[in-house]
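What follows is a set of notes on a single structure, which appears directly below.
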Amino acid sequence: MIKGFLITCIFFIFLLPIKGQELNYDESKIPPYTLPELLVSEDGEKITTQSQWIEKRRPEILSLFETQVYGKSPQHPKGLHFEVLSEDRYTLGNMATRKEIAIYFTEDEKHFMTILMYIPNKRNGPVPLFFGLNFKGNHTVNEDANITESVTRMKPRKEGDSEIHPGAFNRGAESSRWPVEILIANGYGLATVYRGDIDPDYDDGFQNGVHPLFYKEGQTKPESDEWGTLAAWAWGLSCAMDYFEIDEDVDATKVAVVGHSRHGKTSLWAGAIDQRFAMAISNDSGCGGAALSRRRIGETVNKINSLFPHWFCENFKKYNNKEDELPVDQHQLIALMAPRPVYIASAVEDLWADPKGEFLSGLYASPVYQLFGLTGMAVDEMPEVDSPVTNGYIGYHVRTGNHDIKLYDWQQFVKFADRHFK
């Protein structure tokens, strides 16, 4: 009861006005807006073919997101290499093989992230994979006592006057968000990385994650158009794809990158910058994720930059309270996935993340899928609660409940993946 009360209090603290701003959750108070053109190039050319999209318009949009929103990321390091740290072929009641793989970012192996992976033992050849970041460490994904505890770059927590070691997150504490056994039973592998292995989720001046590995001489923080934390996380997910391509247990042509909340923003950006991801899944990703910025409802550009100044590149702050000046909006981010399938999930009570704005991004991205002869969003109106739309290449549902990733969400992701992977 106390834990639930504290979580609720923290959630509503986030919803308090920031620097005198009033929050809007009223559709009638959304100001008029015009979305940036999706199928008109910067020189005014109308985009009517696949080749025009691939060769001209997509690179334009991708560049704008890189320089104005998430920040440009470096190439994968030349010293990138891998090591299988542990392997157990008889875990989860002999249903699965568990592996832990170190992805070393440097030759000296001082900087690395650890992938926790479960692969179904009952399989014929390599399997499709769901892959995403976790919030509290690999050991919180499942109660498996042999998962190595993740504590890298965790910010110490306060309880009264005491500082709690980050390892205090209980083993299996996040297992409700990771239905490992169900994914295994449906023929899918699962892989996850603790985000702190890549970059910590607090404003540390970009000193403790991967950013300093790429600073030029004399540089102490990213340039205004260079990667923030979300882009660093997406970069790390992309580095993991280099490993999946050599793992014989994984069908690297069928890897779905998935994320909840800030990790949903990350999964969409990872799918945009690395087209090896065959599918992107966003759950309650909101502003800077699937929700249209110009709607200015719930979390806005100014609010997200005020609460989380490290998430995006410095240039994104120019658009605080100036969403109409943004050269892009999030329907264009969804469109960068085309022709690959993308799934957007919302929760009806999660007004902070703007469920309708998330739906509209998928709807307005659909014309790009039509260039490929595909159906994007298969409906024109937002569906009823708990009525998934999965018969296009842009899937969508809004479920009962609030900001979380539930078994219901995963069930829809599996059905959608079955449709496109199997």
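The values are calculated or read from the model by the stated rules, or taken from the named source; none is laboratory data. From a predicted model like this one, the values you see are computed outputs, not experimental measurements. Note: ideal-geometry Cβ built from the backbone for every residue, glycine included; neighbour counts use all protein chains shown. Ligands, DNA and RNA are stripped out before the accessible areas are found, and what is left, the full protein with its side chains, is counted by its heavy atoms. Shrake-Rupley method; radii C 1.70, N 1.55, O 1.52, S 1.80 Å.
Annotations for the structure displayed:
- Using C-alpha pairs under 8 Å with a sequence gap of at least 6, the mean separation divided by the residue count of the stretch 200-280 gives a relative contact order of 24 percent.
- Per-q log10 I(q)/I(0), the stretch 218-297, q = 0.13, 0.24 Å⁻¹ (Debye; single scatterer per alpha-carbon; no solvent): -0.46, -1.08
- Long-range HN-HN contacts of Tyr194 with modeled amide H, under 5 Å: Thr114, Asn134, Asn138
- Rg and Dmax, both from the Cα atoms of the stretch 320-411 and both in Å, are 13.5, 39.
- Computed over the stretch 256-376: relative contact order in percent, which uses C-alpha pairs under 8 Å that are six or more apart: 28 percent
- Per residue, the accessible area of the chain comes to 42 Å² when a 1.4 Å probe rolls over the protein heavy atoms.
- Residues whose amide H falls under 5 Å from that of Thr97, counting only those 5 or more places apart or on a different chain, are Ile119, Asn121, with hydrogens built in the peptide plane.
- Highest mean first, the peptides 103-112, 237-246 sorted by other C-beta atoms within 10 Å per residue fall in the order 237-246, 103-112.
- Cα-based Rg / Dmax (Å) for the stretch 189-236: 11.6, 43
- Taking the Kirkwood radius as Rh and the Cα radius of gyration as Rg, the stretch 253-408 has a ratio of Rg/Rh equal to 0.94.
- Converting phi to 3J(HN,Hα) with the Karplus coefficients 6.51, -1.76 and 1.60 and the offset θ = phi - 60°, the stretch 142-147 yields 8, 7, 3, 5, 9, 6 Hz in sequence order, with x at every glycine or proline.
- The HN-Hα couplings worked out from phi for the stretch 71-85 by the Karplus form 6.51 cos²θ - 1.76 cosθ + 1.60 (θ = phi - 60°) are x, 6, 9, x, 5, 4, x, 5, x, 4, 8, 10, 8, 7, 7 Hz, whole numbers, x standing for Gly and Pro.
- Computed E for Arg419/Glu223 - FRET, C-beta separation, R0 35 angstrom, nearest 0.05: 0.25
- Taking a sphere under 10 Å around the Cβ of Trp227 and counting the other residues whose Cβ falls inside, with K and R at +1 and D and E at -1, yields a net charge of -4.
- Share of carbon and sulfur in the accessible area of the chain stands at 50%, probe radius 1.4 Å.
- Working note: Karplus 6.51/-1.76/1.60 with θ = phi - 60° gives the stretch 249-258 the couplings 7, 10, 7, 5, 8, 9, 9, 9, 8, 10 Hz, where Gly and Pro are set to x.
- Over the residues of the chain, the helix contribution to mean residue ellipticity at 222 nm works out to -7000 deg cm²/dmol, using -39500 (n - 2.57) for each DSSP H run of at least 4.
- Long hydrophobic helices in the chain, taken as whole DSSP H segments with a C-alpha length of 15 Å or more on their own axis and mean Kyte-Doolittle hydropathy at least -1.0: 2-14, 229-244, 262-273, 355-371, 407-421.
- Cut-off under 5 Å, modelled amide H: who pairs with Val398 long-range: Ser346, Asp386, Ser387
- Checked against a 24 Å cut-off, the cross-linked pairs Lys78/Lys110; Lys265/Lys406; Lys136/Lys216 give Cα-Cα distances beyond that limit for Lys136/Lys216.
- Spatial separation of Cα centroids for the stretch 339-390 and the stretch 401-415, in angstrom: 15 Å
- Cα point-scatterer Debye curve for the chain, base-10 log of I(q)/I(0) at q = 0.09 Å⁻¹: -0.53
- Bridging of Lys56 to aspartates and glutamates at a Cα separation below 19 Å is possible for Glu37, Glu42, Asp43, Glu45, Glu66, Asp274, Asp329, once same-chain residues fewer than 8 apart are set aside.
- Length-normalised contact order for the chain - Cα pairs under 8 Å, 6+ apart - percent: 15 percent
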